[in-house]
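Nothing in this text is a laboratory measurement; each read-out follows from the coordinates by a stated rule. Small disclaimer: the values here were computed from a predicted structure and weren't measured. All Cβ positions, even for glycine, are placed from backbone atoms using ideal geometry, and neighbour counts span all protein chains on display.
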Amino acid sequence: MLFRRLCVSVLKSKHNPFFLSPIFTNPLTVFQSYPASSSNFENLKLGFQRTIAVNSQGFVSGSTANSTMDDSRRPPLVPIPHPDSFGRTEVFRALEASLGATFSSQPTVPDPNPLIIVISGPSGVGKDAVIKRLREVREDLHFVVTATTRAQRPGEVDGKDYFFFSKEEFISMIDKNELLEYALVYGDYKGIPKQQIREYMAKGCDIVLRVDIQGAATLRRILRNGAVFVFLVAESEEALVKRLIDRKTESTEALLMRVASAREELRHLKEFDYVVVNKEGELESSVNLVESIIDAEKAKVHQRRVVI
Ligand SMILES: Nc1ncnc2c1ncn2[C@@H]1O[C@H](COP(=O)(O)OP(=O)(O)OP(=O)(O)O)[C@@H](O)[C@H]1O
């Protein structure tokens, strides 16, 4: 359509010697003989490069030949039926013939790389709540199960809540460099098994890691820009404290410690790529925003790349 408009506007120009030429008074619709012989074509020169040919039945043929291209390399002049009047297959085939090449059905760009998403933020901000919902709404997401040496609590499932190991087993994993990151927390080890990440990335899954602020700093040093770092915050300090009180899971000492650390932790915000404000009663919006971040990362021309 655009091409036809171009031809018409060029031809209607008062500088054009073909103005009101009889070929453009014919409707460009009737298809009688295919392929039309090149003698049927009247050639119109547009500028210096592109030669356009329109036959009396309304077929358009063109080549991008420049003056130095020899005939053996030039695609054959093939009439192209107009999509208004002919089926998609006929137009498609004619375009291929005219270009002298078939159109590839290969994906235009490769699949995006699997992503590692590190979610961090102060205690009580809603990391677990956001991740739990994210896993419900998003397929191909693997939440890494942490390895720990702490005792299994009633109701906890090995391999789902944590992977439970003895201290000897855990130290052996450290020695064999099988952990991406680990820490000793109140006398117990916690760490991220590399093998689990490798396995799920190989399946094309995106990986979610939930870590505290110190863990995020360590992962940033290891993964650099290979992972995307998301900092979750509450809309205010007041909202965060109320949320922690309402959760009723901490002793008063632990509560005080978590609230005090939250202030300090906020200073690390600048080390992250994105910040998501998890507002009171708006968990769904926070999850949507994390999803949008993942989608945007997957649309990046220069994809993050990481080898674990
Ligand atoms: N947007 C929200 N609105 C209201 N309540 C929320 C919101 N997000 C999370 N919560 C609630 O706040 C409490 C703390 O959330 P959660 O346990 O997910 O925090 P966390 O960051 O994982 O904490 P911690 O690091 O201490 O484990 C939970 O009771 C959770 O249900």
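Karplus-based coupling profile of region 198-204, in residue order and whole Hz: 4, 4, 6, 5, 5, 7, x, with θ = phi - 60° in 6.51 cos²θ - 1.76 cosθ + 1.60 and x standing for Gly or Pro.
Our coupling estimate for region 125-139, obtained by passing each phi through the Karplus curve with A = 6.51, B = -1.76, C = 1.60 and θ = phi - 60°, is 6, x, 4, 4, 4, 5, 5, 4, 6, 4, 5, 6, 9, 10, 7 Hz, Gly and Pro reported as x. For region 71-139, a crude dipole built from +1 on the beta carbon of Lys and Arg and -1 on the beta carbon of Asp and Glu, taken about the Cα centre, is about 300 debye to the nearest 20. Normalising the Debye intensity of region 156-308 to I(0), with uniform scatterers on Cα atoms only, and taking log10 at q = 0.10, 0.18, 0.21 Å⁻¹ returns -0.45, -1.39, -1.52. For region 92-100, backbone phi angles converted through the Karplus equation (6.51, -1.76, 1.60; θ = phi - 60°) give residue-by-residue couplings of 4, 4, 5, 5, 4, 4, 5, 7, x Hz, Gly and Pro being listed as x.
Remark on residue 121: its backbone amide H falls under 5 Å from those of 213, 232, a criterion applied only to residues 5 or more positions apart or on other chains, H modelled at 1.01 Å from N. Under 5 Å from the amide H of residue 78 lie the amide H atoms of 62, each residue being 5 or more positions distant or on a separate chain, with H modelled from the backbone and absent for Pro and chain starts. Region 262-307 and region 182-212 have their alpha-carbon centroids 18 Å apart.
From least to most packed, judged by other beta carbons within 10 angstrom and beginning with the fewest, 272, 103 follow the order 103, 272. Taking amide H positions as modeled 1.01 Å from N, with prolines and chain starts lacking one, the residues under 5 Å from residue 116 and 5 or more places away or on another chain are 207, 228.
The slack in the chain from residue 257 to residue 156, taken as 0.36 nm per residue of separation less the alpha-carbon distance, amounts to 33.8 nm.
Ranked for footprinting exposure by Cβ neighbours inside 10 Å, fewest first, 245, 192 give 245, 192. Taking a point 7 Å out from the Cα of residue 267 in the direction of its Cβ, the residues of region 118-132 whose backbone N falls within less than 18 Å of it are 121-123.
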